[in-house]
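Here's the structure, in structure tokens; my notes come after.
Read-outs throughout are calculated quantities, based only on the coordinates presented, and are distinct from any laboratory measurement. All values reported here derive from a predicted model rather than from experimental measurement. Reconstructed Cβ throughout: ideal geometry from the backbone, glycine too, with neighbour counts over all protein chains shown.
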Amino acid sequence: MEGFQFIDIIILAMVAGFIVLRLRSVLGRRTGHEPGRDSRPEEGFAREAANSPDNVVPLPGAGKRRAREGALDIEPAYQGTPMEAGLVQIKMADPAFSVGRFLEGAAKAFEMIVAAYARNDTDTLKPLLSADVYARFASAIQEREERGETMETELVVLKPPKAEAIIVDETRASIDVRFQSEQVNVIKNRSGEVIDGDREHVDSVTDIWTFARDLASRDPNWVLVATRSVE
């Protein structure tokens, strides 16, 4: 029995040695030039390779290119419309841009501008308007103050605004927005008498406002550059 146990030990040792030799031939040896565990691979290369199917290693920079292309996803409502080209140019300069979020901000700006104009608040108006539009608003406010008139405006209903046009001219982007609202507008004289409008009458008002920004500027804010009413 002891003889058989000795032979078994020899056989096991030979099998173990064979396995070690096979592993060394497949895995190779460390030469001292391999990157250590703390070495960081090139950005956008190693992480892409780890997630690639069939162990296909993409070329350096391919991940970044895909990221840029993915960032230009156009909202379905604007795909295939005349606004798509302008929207693509805006997203190339500002990948985080969203028409939906822009329209939410435009609605808030509309409410702020209408309310500030009614109460003669030029401090609120100035950062929201272009120089030309601000000059017209400020002039109208000054004339109203000189006549001793006051204006009261109540936004009863403001429907969700809609983008009408998206245009990019060199680095200047502009978006036309249609606002449909129900308003009560009243103007009083110095004595507090109503000289225009009716508190009991609600007007249906449709406006097209144009907002613009310089895509080459670090300032991401849009300002009102034009207004017109739709009869």
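Which of Ile167, Ile90 comes first, and how do the rest follow, when ranked by fewest Cβ neighbours within 10 Å?
Least crowded to most crowded, the residues run Ile167, Ile90.
Enumerate the calculated ³J(HN,Hα) couplings along region 216-231 in order (Karplus 6.51 cos²θ - 1.76 cosθ + 1.60, θ = phi - 60°), each rounded to whole Hz, writing x wherever the residue is Gly or Pro.
My calculation for region 216-231 gives 8, 8, 6, 6, x, 7, 9, 10, 6, 10, 6, 9, 7, 9, 10, 6 Hz in order.
Could you name the lysines whose alpha carbon sits less than 25 Å from that of Lys108, not counting residues in the same chain fewer than 8 places away?
Leaving aside lysines fewer than 8 places away in the same chain, those within reach of Lys108 are Lys91, Lys126, Lys159, Lys162.
Net charge near Ile113: determine it from the other residues with C-beta under 12 Å of the C-beta of Ile113, scoring Lys and Arg +1 and Asp and Glu -1.
Here the charged neighbours net out to 0.
When the label point is put 7 Å from the Cα of Glu154 along its Cα-to-beta-carbon vector, which residues of region 162-202 have a backbone N closer than 19 Å?
181-189, 192-202
Return the long-range amide H neighbours of Leu129 (sequence gap of 5 or more, or a different chain), with a cut-off of under 5 Å between placed amide H atoms.
The answer is Leu224.
At Thr206 and Ala85, where each label point lies 7 Å from the Cα along Cα→Cβ, what is the point-to-point distance in nanometres?
In this crude spin-label approximation the distance works out to 2.6 nm.
Only residues of region 82-112 count here: report those whose backbone N is under 20 Å from the spot 7 Å along Cα→Cβ of Ile74, or say none.
Hits in region 82-112 for Ile74 at 20 Å: 82-103.
On full extension of the chain, what length is gained from Lys188 through Arg101, given 0.36 nm per residue of separation minus the C-alpha to C-alpha distance?
Computed gain between Lys188 and Arg101 is 27.6 nm.
Let me check I have the definition right: for region 82-230, take the eigenvalues of the Cα gyration tensor, multiply each by 5, take square roots. What are those semi-axes in whole Å, largest first?
Taking √(5λ) for each Cα gyration eigenvalue gives 32, 17, 11 Å.
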